[in-house]
Amino acid sequence: MDDASAHQGTARPPVRVIFVGSPGAGKGTQAAKLAEYLGVPRISTGDMLREAIASGTPLGKQADPLMGRGNLVPDDLLIALVRERTTREDCAQGFVLDGFPRTVRQAEGLAQMSDGEVSDWTVFSVEVPREELLRRLSGRRWCPRCQATYHLTSDPPKVDGVCDNDGEPLVQRDDDREEVVARRLQQYAARTEPLIGYYRERADMVEIDGNRPMAAVFADLKKHVGVTA
Ligand code: AMP
């Protein structure tokens, strides 16, 4: 069976997936592949915030200096953003969250959105050693137009330095600079890692070894999404 959209059109209960993992763990790549496979939207709060910054909205103006320094954006703003996004029509069959929740408070906000019930959610905790995270983040390149990501050596674009999708020159994200990465990893350890204990008790949490080739990680995820064609 094709990987892409393997389950589109199949009658099934909504599928809701959360990724918990450090910056550089591969959440974005895997969440995009899984969302396509399941035929549901991928909701990336990082992408939404970067779009808000690019279009100069009030949310973008508030988020910009925080993100630029590797800090988290306030919980209430993120909870409102995700609440609005997940109640749209295209989420009726479910969604894959990428980068949310990032704090226990956000996880509680998310649980409230689904009447306190998270036991039928699938939560992936993706683990990657620190030196590999640093290698991935320092080599990551990003398309400011469509937000596609690449890696200089392990996932390069077809033509050096330009996006496969739209030909836009690729850049390094400001928050992938070394000094900001250190802060992001520290924020992850302090504020996001506690989610692993939170979800271990409340949901179907699966620990995934993210320090493997992309295809091997994805094969593992598919086994756990609990969807049959
Ligand atoms: P990401 O693209 O997921 O790596 O997110 C980039 C940055 O956006 C993070 O370092 C935070 O500053 C901000 N951000 C994204 N998602 C959240 C969230 N759920 N809570 C707070 N800040 C967030």
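Gly161 meets all of the listed conditions (1) buried (at least 19 other Cβ atoms within 10 Å of the Cβ); (2) at positive phi but one, namely (1). Just to be sure before I move on: is Leu137 under 15 Å from the mean Cα position of the chain (by Cα), over 24 Å from Arg202 (Cβ atoms) and touching a residue at least 24 places away in the same chain (Cβ under 8 Å) in the structure I sent? So Leu137 fits the description; yes. Within the stretch 87-115, residues that are of a type in the set (D, E, K, R) sit with their Cβ atoms under 7 Å from residues that are away from the ligand (no atom under 12 Å from the Cβ), at 6+ positions apart or across chains, in these pairs: Asp90/Pro41. Out of Arg12, Arg16, Arg42, which single residue is modelled with pLDDT under 95 and surrounded by 19 or more Cβ atoms within 10 Å (Cβ to Cβ)? From the options Arg12, Arg16, Arg42, the qualifying one is Arg16.
Note on the stretch 51-79: residues that are over 19 Å from the mean Cα position of the chain (by Cα) and within 7 Å of the ligand (Cβ to nearest atom) total 0. Between Val73, Val96, Val118, which is in a loop (DSSP other than H, G, I, E, B), of a type in the set (A, V, I, L, M, F, W, C), surrounded by 13 or more Cβ atoms within 10 Å (Cβ to Cβ) and at pLDDT 95 or above? Result of the check over Val73, Val96, Val118: Val73. For first residues located in the stretch 161-173 and modelled with pLDDT under 95, partners that are within 16 Å of the ligand (Cβ to nearest atom) and lie 6+ apart or on another chain with Cβ distances below 6 Å form the pairs Arg173/Trp142.
The values are calculated or read from the model by the stated rules, or taken from the named source; none is laboratory data. Quick caveat, the model's predicted, so the values are computed rather than measured. Cβ sites come from the backbone with ideal geometry, for glycine too, and all protein chains shown count toward neighbours.
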